[in-house]
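The values are calculated or read from the model by the stated rules, or taken from the named source; none is laboratory data. All values reported here derive from a predicted model rather than from experimental measurement. Cβ placement follows ideal geometry from the backbone for every residue including glycine, while neighbour counts extend to all protein chains displayed. Surface areas here come from the heavy atoms of the whole protein model, side chains and all, with no ligands, DNA or RNA. Shrake-Rupley method; radii C 1.70, N 1.55, O 1.52, S 1.80 Å.
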Amino acid sequence: MRFIDTGRPVPRTQVLTRTLPEFVAGPGVRSAEVADGGGFIGWFALRPTGPGRPGEAELGYRLRRAAWGRGYATEGARAVLAYGFAELGVRRVTATTVNRGSRRVMEKAGLRYVRTFFEEWPDHIEGAEHGDVDYALSREEWAAAARHR
């Protein structure tokens, strides 16, 4: 939770009774596990950005700290993008972060920088002083990059 919301933990009862059921009810949420039996390391999601935006989805992911810096975020993001563009018919994927590591993951996964903006956070979130950033990738850009790999 260090880089999202206020950075404060959410009470377990709230996670179990409200947050988790609402989250997994939507399409495009996948758990991430290490293939060699290393167990659960986090989740990836491709969720609609909102009503009135058909064909647009937001990429999200959360990984346990032990999984950071091992390429899992980039691998998972690329797999979710491929699923969204090839299987779900998504036309554009967006992602937002304040975290420098997530910015790099988005770039390695093929998303392009769109803009920097400043949110009013109730508590300090590391990196927020540099602004939140939006990234995006269209299906056409994804397909063109795939042809060149």
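Kindly give the semi-axes, whole Å and largest first, of the ellipsoid equivalent to segment 30-149, taking each as the square root of 5 times a Cα gyration tensor eigenvalue.
Working: eigenvalues 94, 85, 37 Å².
Taking √(5λ) for each Cα gyration eigenvalue gives 22, 21, 14 Å.
Given a 1.4 angstrom probe, I'd like the percentage of the accessible area of the chain that is carbon and sulfur, rounded to a whole number.
Here it works out to 52 percent.
Let me have the 222 nm mean residue ellipticity of the chain computed from DSSP H runs of 4+ only, each contributing -39500 (n - 2.57), with the sum over all residues rounded to the nearest 500. List each step's numbers first, then the result.
Numbers: 4 runs with 34 residues, N = 149.
The helix contribution divided over the chain gives -6500 deg cm²/dmol.
Measuring with a 1.4 Å probe in the full set of protein chains, what accessible area per residue, in whole Å², belongs to segment 99-149? Before the final figure, lay out each step's value.
Details: 3410 Å² over 51 residues.
Value for segment 99-149: 67 Å² per residue.
Go through PRO48, ALA144, PRO21 and say which Cα lies farthest out towards the positive end of the charge dipole of the chain; charges sit on Cβ, +1 for Lys and Arg, -1 for Asp and Glu.
Going by the charge dipole, the pick is ALA144.
Per residue of segment 100-114, what does 6.51 cos²θ - 1.76 cosθ + 1.60 with θ = phi - 60° give for ³J(HN,Hα)? Whole Hz please, x for Gly and Pro, Karplus curve as stated.
The phi angles translate into 4, x, 5, 4, 5, 4, 4, 5, 5, 7, x, 6, 10, 4, 10 Hz.
Amide H of GLY42: which non-local residues (sequence gap of 5 or more, or other chain) have their own amide H closer than 5 Å, using H built in the peptide plane?
For GLY42, whose amide H was placed from the backbone, the distant partners under 5 Å are ALA32, ARG64.
I want the antiparallel fraction of DSSP beta bridges within the chain, as a percent rounded to 5. List each step's numbers first, then the result.
Numbers: 24 of 27 bridges.
For the chain, the DSSP antiparallel bridge percentage is about 90.
Mind giving me the nanometre distance, one decimal, between the label points for GLU119 and TRP43, set 7 Å out from Cα along Cα→Cβ?
Output for this residue pair reads 1.8 nm.
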